[in-house]
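Only one structure is covered here, and it is reproduced in the block below.
The values are calculated or read from the model by the stated rules, or taken from the named source; none is laboratory data. Everything numeric in this text was worked out from a predicted model, so none of it was measured. Note that we place each Cβ from the backbone using ideal geometry, even for glycine, and neighbour counts take in every protein chain shown. To get the accessible areas, we keep the full protein, side chains included, count just its heavy atoms, and leave off ligands, DNA and RNA. Shrake-Rupley method; radii C 1.70, N 1.55, O 1.52, S 1.80 Å.
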Amino acid sequence: MGRIVYIRGQFVPEQDARISLFDRGFLFGDAVYEVTAVINGRMIDNDLHLDRLERSLKELAIPQTFSRADIAMVQAELIARNALQNGTVYLQVSRGDADRDFFYSDTLAPCLVGFTQQKMLTGTKAQQHGIAVDLVDDPRWQRRDIKTVMLLGQVMAKQAARSGGFDDVWMVENGQVTEGASSTAHIITTKGRILTRPASQATLPGCTQRAIARLCAAEGLEIEERVFTPAEAQGAAEAFQTSASSLVTPVVRIGSQVIADGKPGAMTRKLQALYLEMAGVPV
Ligand code: PDD
């Protein structure tokens, strides 16, 4: 049996979901999205995701025609109707549909859609053993702080990385690591400093990263926000990436360089445990 999905005010079987050919998300990538982790039937960090959705809509001047409570209700209903225990709930808002025209009218009705995806997010092989990431020039536009569906740069980069024998890819611009193709990049220096890039238009402000920063603060651990080079990353004591779909994933090789002894480091393990504890998962 297929899923029940949400589209423009209705919950329908996935094969009955219809989107207009003239949807601006489809024609122009004129849409934003969010992915929230679901662990044991519970959404994780959803307030942060809804904050970011509101911000993305505002930045693109897409009117928010649904309340935050309505959106959270759609997510909860999707999880319940699909009996989702572990996976993700996806939301997308496009500007709406109109005859193809670069200019848009502010009277368009935004189109909210949502669906669930089943996936075990905890205890994955990647989280246990770590992953290898390639390094590529960041191919994206200049407003990466907005979570738009224009993901072709990341699609191409990830696919090329996989063909090259890597699990994922980190992107580089002006000699600094920006972020992972679908994650926030972090390193831990040989002096034990946890580094992450400061918020700017160059990267997406990660919800998982924010949650981890809070957990670290509560533990008296400091995250230093500064840019770092690929060479610093390759010479780091530990590296890891964070996202709603991969949580905290150790990175044990960057390009051809194995990180430290090639095994997930102690601090990364600690952050994984703190995050799982917050998510209510026994560790
Ligand atoms: N991507 N940076 C980019 C470019 C991302 O696409 C993502 C998440 C992140 C991490 O953000 P968060 O911790 O809020 O998930 C950083 C999602 C998971 C995706 O596109 O599927």
Within the range 129-163, tally of residues that are open to solvent by 60 Å² or more (accessible area, probe 1.4 Å) and not in a helix (DSSP H, G or I): 5
Failed item, numbered, when Met278 is tested on (1) under 29 Å from Arg143 (Cα atoms); (2) within 19 Å of the chain's Cα centre (by Cα): (1)
Number of positions in the range 11-56 that are more than 15 Å from Val113 (Cβ to Cβ) and among the β-branched types (Val, Ile, Thr): 3
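Please report, ordered by residue number, the strands (runs of 3 or more DSSP E) entirely within the range 18-128 with at least 2 residues that are in contact (Cβ under 8 Å) with a residue 40 or more places away in the chain and open to solvent by less than 30 Å² (accessible area, probe 1.4 Å).
Where strands (runs of 3 or more DSSP E) fall fully within the range 18-128 and carry at least 2 residues being in contact (Cβ under 8 Å) with a residue 40 or more places away in the chain and open to solvent by less than 30 Å² (accessible area, probe 1.4 Å), they are 31-39, 87-94, 111-118.
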Lone unmet requirement of (1) in contact with a helix residue (DSSP H, G or I) (Cβ under 7 Å, 6 or more places away or on another chain); (2) not assigned by TED's automatic domain parsing to the domain that holds Val251 for Val136: (2)
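Ser182: within 30 Å of Leu21 (Cα to Cα) and either away from the ligand (no atom under 12 Å from the Cβ) or not assigned by TED's automatic domain parsing to the domain that holds Ile212 (or both), yes or no?
Details: within 30 Å of Leu21 (Cα to Cα): yes; either away from the ligand (no atom under 12 Å from the Cβ) or not assigned by TED's automatic domain parsing to the domain that holds Ile212 (or both): no.
Here the answer is no, as Ser182 does not meet what is asked.
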